[in-house]
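Heads up, the thing below is written out as structure tokens.
The values are calculated or read from the model by the stated rules, or taken from the named source; none is laboratory data. Please read these numbers as outputs of a predicted model, since none were measured by experiment. Backbone-built Cβ (ideal geometry, glycine too); neighbour counts: all protein chains shown. Surface accessibility is based on the protein's heavy atoms, side chains included, excluding ligands, DNA and RNA. Shrake-Rupley method; radii C 1.70, N 1.55, O 1.52, S 1.80 Å.
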Amino acid sequence: MFSKLAKAAGAAFAVALGAALLGTGAATAQAGPPVIGGGSGIVIDNAFECTVTTVGHDGAGRLVGLTAGHCGDAGATVSAEVDRGYGEIGRFAYSNHELDYAVIEFTPGRIIPVNRIGNVSITGVGGPAQFPTIVCKEGRTTGNTCGITWGDVFQTNTETWSQMCVVEGDSGAPVVVGSTLVGMVNAYLAVACFGPEVGTNMNSIMDDINARNGVGAGFHPI
């Protein structure tokens, strides 16, 4: 049984406590635009918490980001978990539920984009990791975790499995080899943190974004 990882924000105290205990940054007000990059927590439609995969510019110069597609649909509003009171920072421009990724178009001036959050830096995009490569991720719930790559278990040509700890709220978290972004977190099998993680490969996501030739096409990370 696959479990998607968008987290409902209704249990506010549990969410805040879990974030504090795990060192992922419960929401606190800050001066100026929030800092957002791959690994940042976001709140969608004031209802669901997910993780940004990466932030960068598309071929048209728009400031965009990625997250998991099951986190919201086109038009969904996005705010920063670190400062929910700051208000809307962008909207979902497109959501693909088959590959389970979404493109966020950030409002100019509403975020400070970075290529490093926590222990993960993103300097480029690459192909999927292969067994037995160690991959790591930075999620808004469980922070930085690493594990062995099992590969494309079901021969989908779009997904890679790994043995990383992920739970609700980690949806969209960047999966990296070194500083190369190779995928995003989408789900786990059976048991949170213990069951294998499964995520969409970045090359599949980029191929689809570029083929649509809309917001996000020609993406390159900050």
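What ranking, highest mean first, results for peptides 45-51, 94-100, 210-216, 182-188 when packing means the other Cβ atoms within 10 Å averaged over each residue?
182-188, 45-51, 94-100, 210-216
Pop the C-beta distance of residue 77 and residue 134 into the FRET formula with R0 = 35 Å and round what comes out to the nearest 0.05.
0.45
Using a simple charge model, +1 on the beta-carbon of Lys and Arg, -1 on the beta-carbon of Asp and Glu, nothing else, what dipole does region 32-178 show about its Cα centre, in debye to the nearest 20?
With Lys and Arg at +1 and Asp and Glu at -1, about 440 debye.
Tell me, what does the Kirkwood hydrodynamic radius of the chain come to in angstroms if you use every pair of distinct C-alpha atoms?
16.6
Beta carbons within 10 angstrom, averaged per residue: use that to sort the peptides 115-127, 163-175, highest first.
Averaged packing, sorted descending, gives the order 163-175, 115-127.
Under a point spin-label approximation (7 Å from Cα along Cα-to-Cβ), what is the residue 46-residue 156 distance to one decimal in nm?
It is 3.3 nm.
Testing the spin-label approximation: label points 7 Å from Cα along Cα→Cβ at residue 210 and residue 146. State their distance in nm.
Inter-label distance under the simple model: 3.0 nm.
Assuming R0 = 35 Å, can you tell me the calculated FRET efficiency for the pair residue 123 and residue 3, based on Cβ-Cβ distance, to the nearest 0.05?
0.70
Modelled label-to-label distance, residue 31 and residue 107, 7 Å Cα→beta-carbon offset: nm?
Distance between the two pseudo-spin positions: 2.2 nm.
Can you give me the % of accessible surface on the chain that is carbon or sulfur? Probe 1.4 Å, all protein chains present, nothing else counted.
The computed percentage sits at 58.
Please report the base-10 log of the normalised intensity I(q)/I(0) for region 62-125, using a Debye sum with one equal scatterer per alpha carbon and no solvent, at each q in 0.12, 0.14, 0.19, 0.28 (1/Å).
Results for region 62-125 at q = 0.12, 0.14, 0.19, 0.28 Å⁻¹ read -0.32, -0.44, -0.80, -1.22.
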